[in-house]
Amino acid sequence: MSFPRFYFISDEDLLLILGSSDPRSISPHLLKLFDNCKDLIFGKGDKQVIGMISDEGEKYDFETPQKPEGAVEDWMNKIDAEMKKTLHTIVKKAVFHYAKEERMEWIKKQIGMIALTGTQIWWTFSVEDVFRRVKEGDKHAMKSELAKESSDLNDLIALVR
């Protein structure tokens, strides 16, 4: 109960994790515990967890490395909290820099979930701004926004291809 994510794995897997003193024993089970987290990035001598790797190979480093010491459920709670804190910080920084960089270059620099979140935040802002401009009398606001959004979509299509 102290690490509720353990409910997502079998009893056999849980016994393997709890019965080992090796912090890396959690690695084969991470995809069952965290959405799209394939592995943890360990520091020298496995004395610190310094980041995470997705199933696609995207990596990010924790703001504060965590020590895998004590009961596995305790240090995994610390990993979970640090993951949330770090991703929150990364999103804030990315959203701040979105308007200051060329959009496609900004997207290439981000891990997938950050690019999706950041572009959704800015899309929402743009749509709200269009409604404000229409209300203020700009009759061409919707058409110009449509052209911008179509261009952005075509840029993404070209990038994917």
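None of the figures in this text is laboratory data; all of them are computed from the coordinates on show. None of the values given here were measured: they were computed from a predicted structure. Neighbour counts are summed over all protein chains in view; Cβ atoms, including those assigned to glycine, are modelled from backbone coordinates with ideal geometry.
Structure notes:
- Here region 84-137 and region 1-44 have alpha carbon centers that stand 33 Å from each other.
- Summary value for region 9-127: 14 percent relative contact order, contacts being C-alpha pairs under 8 angstrom separated by 6+ residues.
- Highest-first packing order for the peptide set 152-158, 69-75 is 69-75, 152-158, based on the mean count of other beta carbon atoms within 10 Å.
- Amide hydrogen neighbours beyond the local backbone of residue 62, cut-off 5 Å, H modeled: 51, 52
- Karplus (6.51, -1.76, 1.60) ³J(HN,Hα), θ = phi - 60°, over region 30-36, in Hz, Gly and Pro reported as x: 4, 5, 7, 9, 10, 5, 6
- 3J(HN,Hα) along region 101-114: 10, 5, 4, 5, 5, 4, 4, 5, 7, 9, 6, x, 5, 6 Hz, from the Karplus curve 6.51 cos²θ - 1.76 cosθ + 1.60 with θ = phi - 60°, whole Hz, x for Gly and Pro.
- Cβ-placed point charges (K, R +1; D, E -1), dipole of region 50-161 about Cα centre in debye, nearest 20: 480
- Given charges at beta-carbon only (K, R positive; D, E negative), |dipole| of region 4-96 in Debye: 460
- For residue 39, the residues 5 or more places off, or on other chains, whose built amide H falls under 5 Å of its own are 53.
- Fully extending the segment from residue 91 to residue 159 would add 22.3 nm, taking 0.36 nm per residue of separation and subtracting the current Cα-Cα distance.
- Here's how it looks for residue 48: its modeled amide H is under 5 Å from those of 43, which are all 5 or more places away or on a different chain.
- Phi angles across region 87-93 convert, under the Karplus curve 6.51 cos²θ - 1.76 cosθ + 1.60 with θ = phi - 60°, into 3J(HN,Hα) values of 5, 4, 5, 4, 4, 4, 5 Hz, Gly and Pro given as x.
- Among 47-55, 14-22, the order from most to least packed when residues are scored by Cβ within 10 Å on average: 47-55, 14-22
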